[in-house]
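Below is one structure; the comments refer to it alone.
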Amino acid sequence: MFHLQSPDHTRMLGAPLLRSHWTMNPRIDSWSGRRVWVIGASTGIGAETARMLLAFGARVALSSRQADALQEVAAGHRDARVLPLDVTRHEQVLAARDLLVSEWQGIDLVLIVAGAYSDMRVDNFDMAVVDRLIDVNLRGVFHCIDAALPVVLRTPGSGIGIVSSVAGFSGLPRTLAYGPTKAALINLAESLYFDLHPRGNSVYLINPGFVSTQATATNDFDMPGLISAPEAAGYIVRGIERGSFHIRFPRNFTNWLRVGRVLPYRWYFWLTHKVTGL
Ligand SMILES: NC(=O)c1ccc[n+]([C@@H]2O[C@H](COP(=O)([O-])OP(=O)(O)OC[C@H]3O[C@@H](n4cnc5c(N)ncnc54)[C@H](OP(=O)(O)O)[C@@H]3O)[C@@H](O)[C@H]2O)c1
């Protein structure tokens, strides 16, 4: 289990009250027995996050299309439950939710990791790829939100985490289809926070930088700040334990992209072109 440090200023003031106001979601001290549904758990970031949560004692339901790969992640864990589904199939997501709730009587955290990636510029613009990315990354996530909300709203202290991407911060070269789907997820998580936080439910917006997974394996450029999937899982789990709303990593790389978001466009386009050569 990760033990988290309080921010220095709260330790200095020694004020538990200030600390509880400082975090945007309640802290989690133990995963033991927590009921977590990881959607997109067969490979990469989702699989490693599910493994880590199982190792920390959570009860984890694993969903995505590849049942065999999900079984591999679940192997040897009594508290793992495999529920194959395709997020683009609304009825499959709802049926998996119903099955899980009938077994668990509630869900404490729904972690939506499922996503598809494809790079695109104007010279390889392809509407079929655009449709696929919108179906998986956006419509699919809305299907998961639709399934999660009724359970979350009646389960005190429960929450929803959405994996977006730093590619959603601002427009970037090569992300003509992927970037807009991820920008929409950032907006979705922010909007959800307004509604769920006052009711005592948590929302986590998770924005990874480059992570070495099958999704990025075909990238033919240097990926700055590249980290492994287990490292990404560590950032996600620690961020949730800490009660962060915005869980982004690695910090040094994502800081630059955050600055880009507030620059005047003239500077932003010039700087991004200089850095990427695109
Ligand atoms: N790798 C990076 O650098 C990076 C950076 C920023 C954000 N992200 C985001 O992180 C998330 C995980 O990506 P990853 O890098 O770990 O890639 P990955 O290994 O390809 O994982 C993608 C996951 O999504 C699931 N998935 C895809 N389509 C699905 C569908 N229609 N229904 C249900 N599940 C589906 C896959 O499972 P099945 O194939 O079994 O369905 C798999 O578990 C994605 O949302 C991605 O956009 C990744």
Could you compute the net charge surrounding Ala58? Neighbours are other residues with a C-beta less than 11 Å from the C-beta of Ala58; K and R count +1, D and E count -1. +2
What three numbers, in Å, describe the spread of the alpha carbons of region 186-226 along their principal axes, ordered from the longest? 44, 16, 15
Could you tell me, in Å, what Rg and Dmax come out for the Cα atoms of region 190-278? 15.7, 46
Obtain the radius of gyration and the Kirkwood radius of region 141-232 from its C-alpha atoms and give Rg over Rh. 1.04
If we sort 250-261, 197-208 on the protection proxy, mean other Cβ atoms within 10 Å, highest first, what's the order? 197-208, 250-261
So what is the relative contact order for the chain, in percent, with contacts set as C-alpha pairs under 8 Å and at least six apart? 19
With equal scatterers on the alpha carbons only and no solvent term, can you work out the Debye log10 of I(q)/I(0) for region 91-135 at 0.22, 0.34 1/Å? -0.81, -1.20
Amide H to amide H, which residues 5 or more places from Val203 or on other chains are under 5 Å from it, using H placed in the peptide plane? Ile160
Protection proxy ranking, peptides 262-270, 113-121, average beta carbon neighbours within 10 Å, highest first: 113-121, 262-270
Give me the tail of P(r) for region 55-136 as a percent: Cα-Cα pairs with distance above 14 Å. 70
Calculated P(r) tail over 25 Å for the chain, as whole % of Cα pairs: 46
Calculated [θ] (222 nm, deg cm²/dmol) that DSSP helices of n ≥ 4 give over the chain, each run adding -39,500 (n - 2.57): -14000 deg cm²/dmol
Given the convex hull of the Cα atoms of region 125-278, what is a quarter of its surface area in nm²? 10.0
With viscosity set to 1.567 mPa s at 4 °C, what whole-number translational diffusion coefficient in µm²/s follows for region 46-100 from Stokes-Einstein and a Kirkwood radius over Cα pairs? 114
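Based on the alpha-carbon gyration tensor of region 226-270, what equivalent-ellipsoid semi-axes (square roots of 5 times the eigenvalues) come out, in whole Å, largest first?
Whole-Å semi-axes of the equivalent ellipsoid: 27, 13, 5.
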Using Cα-Cα distances under 8 Å and only pairs 6 or more residues apart, what relative contact order does region 129-278 have, in percent? 22
Around Val73, under 11 Å between beta carbons, what's the net of Lys plus Arg minus Asp minus Glu among the other residues? -2
Can you give the net charge of the other residues whose Cβ lies under 13 Å from the Cβ of Leu94, counting K and R as +1 and D and E as -1? -2
Kirkwood-type radius of region 28-182, with distances r between different C-alpha atoms, in Å: 16.0
Rounded to the nearest 5, the percent of DSSP beta bridges in the chain running antiparallel is 0
Ordering 148-160, 232-244 by per-residue average of other C-beta atoms within 10 angstrom, highest first, gives 232-244, 148-160
Measuring from the lowest to the highest alpha carbon on each principal axis, how far does region 85-172 reach, largest first, in angstroms? 50, 26, 13
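Where a number appears in this text, it was derived from the coordinates with a stated rule and is not lab data. Just so it is clear, the model here is predicted, and its values are computed rather than measured. Quick reminder, even Gly has a Cβ in these numbers, built from the backbone with ideal geometry, and neighbours come from all protein chains shown.
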